[in-house]
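A short worksheet on the structure shown next.
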Amino acid sequence: MDRFATEKEAARAQLSLAGNQLQSIKEKISVQARKTEELEARLASELANAEKTKPNADAFVAVYRVDAQAAQSHAREVAETARARAHWITKFSKYQYRRETLEEIHYRGFDLTEQIIKAKELEADAGALASDDDDDDDDDDDDGDGNKSGSQSGEEPDGEETSP
């Protein structure tokens, strides 16, 4: 019987050891399960937070996209206006130079009255188109009777009479 008692004691020791190992494994599994639950809770919280902020982010993106499109459109308009303005400033300078040249020739004794008047009209038109003003007031050059100021009495700007 001794042998049975020893085997019984050895079996009990192994059973006790296996029980302790099982308990240790259960505790580890329990700790891991708690950690998993905590991580799942954090994940759910972060997902919920992301879902809450997604509409705000989408709204910001939409607003910025619209603003960017408006800015691009405005930039195109400004560039086109600048191109047109540069074109008319160039025309204005050309017509002004032409008029001044014709006036200089006229002062030397040649009758270029019609060409000078035409050059002044072209210069005035180009100047109006080249100006920054958006109003289309051409009345500031008129004196009310349909004549442009400066050539009302048939005199040149320096006071000389022109021949009709």
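A few notes on this one:
- Which numbered condition Y95 fails, given (1) among the hydroxyl-bearing types (S, T, Y); (2) free of Cβ contacts under 8 Å to residues at least 24 places away in the same chain; (3) within 16 Å of A126 (Cβ to Cβ): (2)
- Residue-level check: of (1) in contact with a helix residue (DSSP H, G or I) (Cβ under 7 Å, 6 or more places away or on another chain); (2) modelled with pLDDT of 90 or more, S93 misses just (1).
- Selected residue (only one of A126, A71 is among the small types (G, A, S), modelled with pLDDT of 90 or more and in a helix (DSSP H, G or I)): A71
- Checked against the criterion of being more than 30 Å from D125 (Cβ to Cβ) and either part of a helix (DSSP H, G or I) or in contact with a His (Cβ under 6 Å, 6 or more places away or on another chain) (or both), the candidates A86, A62 yield just one match: A62.
The values are calculated or read from the model by the stated rules, or taken from the named source; none is laboratory data. None of the values given here were measured: they were computed from a predicted structure. Reconstructed Cβ throughout: ideal geometry from the backbone, glycine too, with neighbour counts over all protein chains shown.
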